[in-house]
Amino acid sequence: MTVWTPTDDGFADLTSHDTFVNGAPHNTFARLRRDDPVHWTDWDGGEGFWSITRHADISEMNRQPQVFSSARGIRMEDQTYEEYLARRTFQETDPPEHMMTRIKVAKAFSKPVIAEFENDIRKLCDDILDVALQKGAFDATKDIARQLPMQMLGRILGLPEEDLPWLVEKGDALIANTDPDFTDHVLDKMTTDEFRMMPFNSPAGAELYSYAKDLMARKDAAGDTSGVLHLILQPAKDGSVITEEEFRNFFCLLVAAGNDTTRYSIAAGIQAMCHQPELLGQMQSEDIWDTAPDEIIRWATPAIYFRRTATQDVEMHGKTIREGDKVLYWWSSANRDDTVFDDPFRVNLKRTPNKHLSFGQGGPHVCLGMWLARLEVRVLFQELAKRITSIEANGPHKFLRSNFVGGIKELPVKVVAK
Amino acid sequence: MKVTWKLPDGGEIAADVKDGINMMEAAVANNVPNVIGECGGNLSCATCHVYVDPDWMGKTGAADEFEDAMLDVAEAPRQDNSRLSCQITASADLDGLVLIVPEV
């Protein structure tokens, strides 16, 4: 039995956000991996691009940032240099510049520091699950998956609890800027020129910036240095400090990326439990917790692709990628590559080894928050499994309208609590 | 060159490594436990942290500024002989190198 069988005709339009409303077009990815692993797409929304779909190719390219640069944008959409400078974060830089920012916050997100949050996370899960499970039938994305990362983001950033729902709404508007359920400014459906200098080309970027400035002023006045925001404001070893724009963009990145990726990992894990009923029993009685979080995160693949730009001509599989060409690494495809993953459409909580690429492993931009994500996923599913005797789908689930963020935005479930 | 990894369980793994290959790549290729290399040798994680056998510290050299900062991120306690193995590259000078794999 598989959890979910892709239904696309094998020739899906990867530029269309609508393609992804039933999940990623895995028949198309399978065809590209087999027949056309370096695939060119012409695009009427901008310059065309190359799609890399095999796990082995993405892994090999990802470790070469000097050849495939992040410093000209990481999404399919083109940016002018001016827009790039205004909107960039350390995600859109290359080594060594990337490291100047990363080393300021790396410790705060390191495995040993993050491990200290385990008890906090367990307590948050207690509260979240108490509220959700007593309903019996509910939307698991809204009532469970969305809650935990939002609460943890507040702790990590040192934000007042009452601000969190507003922040998450704005974070959603940023990153889900192609889904009308999350923003009034749907990126590909209206002229968003007015906001092109704002993070994610979104008016929410301006609102978040204004929030961050007020927040830091309040914290400074109170002498409060909790949370990672203060770390990013510290001077680098060469004495340089980040600009206001860079601070704004970093804040927006944490609010957006720190939120929905873990949310959609949790949602995908719950979806898998609904369709592979044996998972609950394994979670309740088997020793799977060293491997289960990564398998759930492989299954979810919340970041569908990231883009790079070639800095030189490169020959690959009989094609020539020219200097300046956009190159997309489709993580979503790599994570279903059957040359790497046995039975890739099945969730196997004991999968070992599990060389999934959901965190962009193998390259300099490997997810800063990966230890937090793994810990949140592990504790949430440990606590959920303790509290229920069954879980099943209570209607069809709905995916986000986005070719960039892969997520189940509505997940109706029914549970029987213990 | 020949390299030996001393494992936390008392075991050892030895391998011949070609010049130019870094010790993270070599460890991964030889299934050395606890050396992962999540960032592909780009100094963005510390999952290839090892201790250099004290006899070899003179030859492996010292961590640069970025490596030094990233060593603070490692899971196992940092020691004077801590290095990120992706920053040590195989060469004839290091023939016989001994690396100690931390317990994590």
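Taking the stated definitions as given, is B:Glu38 under 29 Å from A:Leu231 (Cα atoms), assigned to a loop (DSSP other than H, G, I, E, B), within 13 Å of chain A (Cβ to nearest Cβ) and touching a Cys at 6+ places or on another chain (Cβ under 8 Å)?
Values: under 29 Å from A:Leu231 (Cα atoms): yes; assigned to a loop (DSSP other than H, G, I, E, B): yes; within 13 Å of chain A (Cβ to nearest Cβ): yes; touching a Cys at 6+ places or on another chain (Cβ under 8 Å): yes.
Against the criterion (under 29 Å from A:Leu231 (Cα atoms), assigned to a loop (DSSP other than H, G, I, E, B), within 13 Å of chain A (Cβ to nearest Cβ) and touching a Cys at 6+ places or on another chain (Cβ under 8 Å)), B:Glu38 qualifies.
When each of B:Ser91, B:Ser85 is tested for being within 10 Å of the chain's Cα centre (by Cα) and of a type in the set (Gly, Ala, Ser), the lone residue that passes is B:Ser85.
Within the option set A:Lys319, A:Lys355, being within 13 Å of chain B (Cβ to nearest Cβ) and either of a type in the set (A, V, I, L, M, F, W, C) or in contact (Cβ under 8 Å) with a residue 60 or more places away in the chain (or both) holds for one residue only, A:Lys355.
From A:Arg401, A:Arg336, which residue is away from chain B (no Cβ under 14 Å), under 20 Å from A:Asp172 (Cα atoms) and either assigned to a loop (DSSP other than H, G, I, E, B) or not polar (S, T, N, Q) (or both)?
Details: A:Arg336 fails: under 20 Å from A:Asp172 (Cα atoms).
Going through A:Arg401, A:Arg336 in turn, the sole match is A:Arg401.
Of all residues in region B:60-71, those being surrounded by 15 or more Cβ atoms within 10 Å (Cβ to Cβ) and either more than 12 Å from the chain's Cα centre (by Cα) or over 22 Å from B:Ile13 (Cα atoms) (or both) number 7. One residue is enough: does region A:334-353 have a residue meeting the conditions surrounded by 17 or more Cβ atoms within 10 Å (Cβ to Cβ), within 25 Å of A:Leu124 (Cα to Cα) and at pLDDT 95 or above? Checked against the condition, which is being surrounded by 17 or more Cβ atoms within 10 Å (Cβ to Cβ), within 25 Å of A:Leu124 (Cα to Cα) and at pLDDT 95 or above, region A:334-353 yields at least one hit.
Yes or no, residue by residue, for (1) in contact with a Pro (Cβ under 8 Å, 6 or more places away or on another chain); (2) acidic (Asp, Glu); (3) buried (at least 20 other Cβ atoms within 10 Å of the Cβ):
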residue	(1), (2), (3)
B:Ile21	no, no, no
B:Gly41	no, no, yes
B:Ala46	no, no, yes
B:Ala76	yes, no, no
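The residue of region A:101-112 that is farthest from the other protein chains (Cβ to nearest Cβ), among those that are under 17 Å from A:Arg378 (Cα atoms) and within 21 Å of the chain's Cα centre (by Cα), is A:Phe109.
So that you can scan it fast, the table gives a plain yes or no per residue for (1) of a type in the set (Lys, Arg); (2) over 18 Å from A:Ser110 (Cβ atoms); (3) away from chain A (no Cβ under 14 Å); (4) over 13 Å from the mean Cα position of the chain (by Cα):
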| site | (1), (2), (3), (4) |
| --- | --- |
| B:Asp16 | no, yes, yes, yes |
| B:Met23 | no, yes, yes, no |
| B:Ala26 | no, yes, yes, no |
| B:Ser44 | no, no, no, yes |
| B:Gly58 | no, yes, yes, yes |
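Can you tell me which of A:Gly360, A:Gly318, A:Gly369, A:Gly324 is within 21 Å of the chain's Cα centre (by Cα), on the phi > 0 side of the Ramachandran plot and not hydrophobic (A, V, I, L, M, F, W, C)? Explain how you work it out, then say what you get.
Details: A:Gly318 fails: within 21 Å of the chain's Cα centre (by Cα); A:Gly369 fails: on the phi > 0 side of the Ramachandran plot; A:Gly324 fails: within 21 Å of the chain's Cα centre (by Cα).
The conditions single out A:Gly360.
Filtering region A:83-100 to residues that are more than 9 Å from chain B (Cβ to nearest Cβ) and not in a loop (DSSP other than H, G, I, E, B) leaves A:Glu83, A:Tyr84, A:Leu85, A:Ala86, A:Arg87, A:Phe90, A:Gln91, A:Glu92, A:Glu97. Considering (1) surrounded by 14 or more Cβ atoms within 10 Å (Cβ to Cβ); (2) assigned to a helix (DSSP H, G or I), the lone condition that A:Gly227 does not fulfil carries the number (2). The numbered conditions (1) touching a Leu at 6+ places or on another chain (Cβ under 7 Å); (2) closer than 28 Å to A:Gln66 by Cβ are all true for B:Ile21 except (1).
Taken across region B:82-91, residues that are among the small types (Gly, Ala, Ser) and in a loop (DSSP other than H, G, I, E, B) do occur, with at least one present.
Output the residue which, of all residues in region A:35-58 that are part of a loop (DSSP other than H, G, I, E, B) and in contact (Cβ under 8 Å) with a residue 60 or more places away in the chain, is farthest from A:Leu328 (Cα to Cα).
Result: A:Gly45.
Flag not set for A:Asp342, criterion: within 24 Å of A:Ala106 (Cβ to Cβ) and more than 19 Å from the chain's Cα centre (by Cα).
So, A:Arg307, is that one part of a helix (DSSP H, G or I), at pLDDT 95 or above, among the basic types (Lys, Arg) and within 24 Å of the chain's Cα centre (by Cα) or not? Explain how you work it out, then say what you get.
Working: part of a helix (DSSP H, G or I): no; at pLDDT 95 or above: yes; among the basic types (Lys, Arg): yes; within 24 Å of the chain's Cα centre (by Cα): yes.
Spelling it out, it is not the case that A:Arg307 is part of a helix (DSSP H, G or I), at pLDDT 95 or above, among the basic types (Lys, Arg) and within 24 Å of the chain's Cα centre (by Cα).
The values are calculated or read from the model by the stated rules, or taken from the named source; none is laboratory data. This is a predicted model, so every value here is computed, not measured. Positions of Cβ are generated from backbone atoms using ideal geometry, with glycine treated the same way; all protein chains shown enter the neighbour counts.
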